[in-house]
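Some notes on the structure that comes next.
The values are calculated or read from the model by the stated rules, or taken from the named source; none is laboratory data. Keep in mind that this is a model prediction, so the values were computed, not measured. Cβ coordinates were reconstructed from backbone atoms using ideal geometry, including for glycine residues, and neighbour counts include every protein chain displayed.
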Amino acid sequence: MKEVDTSIIKNKCIISISLLFLVAAVTLFVTENIKKQIPYEIAYEYVNIKDMATAKVATKKDDTNILTTLTTKKRTTPIPVEQIELPVRNNTLPTLESPKPIWYLPVENGVITQYPSYSHAALDITSYRGSDEVIHPVANGTISGIYTDGAGAKIVTIHHLIDGVNYTSQYVHLSSYAPDIYVGKPVTINDSIGQMGTTGYSTGIHLHIAVLDCTLFDPNDNKCSNLGGFFRYASERYSQGFYGLGSLMNVPYSWNSR
């Protein structure tokens with residue numbers, strides 16, 4: 001009888017087993033990839049983010065529109081003030097030759113850094129010239145005040161009588177006063193009343209300019225006979241839509257000429 005070579009049988013068994021493992025692995029790989037290629041959809045419930053944001057304030061009994069509830073801002077009750085007719089925005093004075101401007105910008109070169117608000121009823125203006133920028137009256141008038149406030153800000157106020165209406169313009173944070181000014185001095189739009197600065201409570205060199213239709217330091221003016229009244233009246237006028245110099249003339253964002 002012929003002897004069987006056991007080594008050949010062993011090798012055949014190893015090859016067969018390896019092929020079985022290879023086939024199993026290939027089958028598993030193909031199956032997994034087929035599963036991945038099967039289209040599917042994710043089922044989800046639609047949630048309105050706005051509803052979630054207002055869940056704390058909306059109740060089942062409340063039929064208020066959720067979007068309205070979300071977008072409506074808290075409003076404060078307006079301060080009741082006496083209704084005063086706004087001055088007519090007319091920056092020209094008729095003459096025999098041609099219309100002449102009444103109101104002028106207070107500096108030759110300026111950039112607006114802050115616009116009026118209820119608590120800051122004035123314009124803030126800066127200049128690339130810094131403290132070399134000369135401050136001029138915004139209209140012809142008479143100097144009514146030269147003083148320093150409690151924070152050390154140098155201030156000049158000017159009274160203007162235009163078309164029968166009394167106005168006060170206030171110039172704050174000056175670095176210095178013009179050497180020849182005094183209370184009661186008549187001034188024109190071409191005169192200097194001081195230099196731009198950062199005295200008092202100030203974040204940098206600029207001019208804080210407020211204009212109101214009242215007479216500061218006049219005891220007969222019940223609207224702004226003193227500084228406290230001036231500030232209160234400024235807030236009242238702002239709430240009525242009067243924005244100081246911006247309501248009397250066109251004030252651009254920046255300029256290089258008055």
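Could you check how many residues of segment 99-128 are part of a loop (DSSP other than H, G, I, E, B) and within 24 Å of the chain's Cα centre (by Cα)?
12
Could you tell me which residue of segment 151-202 is surrounded by the fewest Cβ atoms within 10 Å (Cβ to Cβ), considering only residues that are in a loop (DSSP other than H, G, I, E, B) and among the hydroxyl-bearing types (Ser, Thr, Tyr)?
Going through segment 151-202, the residues in a loop (DSSP other than H, G, I, E, B) turn out to be 151-153, 163-164, 175, 178-185, 188-193, 196, 198-202.
With the extra rule that they be among the hydroxyl-bearing types (Ser, Thr, Tyr), the set shrinks to 175, 182, 188, 192, 198-199, 201-202.
Details: SER175: 17, TYR182: 8, THR188: 11, SER192: 15, THR198: 17, THR199: 18, TYR201: 13, SER202: 16.
Checking each candidate, the answer is TYR182.
Please list, ordered by first then second residue, the pairs with beta carbon atoms under 7 Å, 6 or more apart or interchain, first in segment 124-144 and over 17 Å from LEU245 (Cα atoms) and assigned by TED's automatic domain parsing to the domain that holds GLN195, second modelled with pLDDT of 95 or more and of a type in the set (Phe, Trp, Tyr).
That search, which allows pairs on different chains as well, returns ILE143/TYR182; SER144/PHE217.
Could you list all residues from segment 226-258 that are among the hydrophobic types (A, V, I, L, M, F, W, C) and either surrounded by 18 or more Cβ atoms within 10 Å (Cβ to Cβ) or in a strand (DSSP E or B) (or both)?
Of everything in segment 226-258, those that are among the hydrophobic types (A, V, I, L, M, F, W, C) and either surrounded by 18 or more Cβ atoms within 10 Å (Cβ to Cβ) or in a strand (DSSP E or B) (or both) turn out to be PHE230, ALA234, PHE242, LEU245, LEU248, MET249, VAL251, TRP255.
Restricting the search to segment 203-225, which residues are surrounded by fewer than 17 Cβ atoms within 10 Å (Cβ to Cβ) and within 29 Å of the chain's Cα centre (by Cα)?
THR203, GLY204
Give me a count of the residues in segment 211-234 that are among the polar types (S, T, N, Q) and under 15 Å from GLN170 (Cα atoms).
Keep residues of segment 211-234 that are among the polar types (S, T, N, Q), which gives 215, 220, 222, 225-226.
In the following step, the residues that additionally are under 15 Å from GLN170 (Cα atoms) were identified as 215, 225-226.
So the answer is 3.
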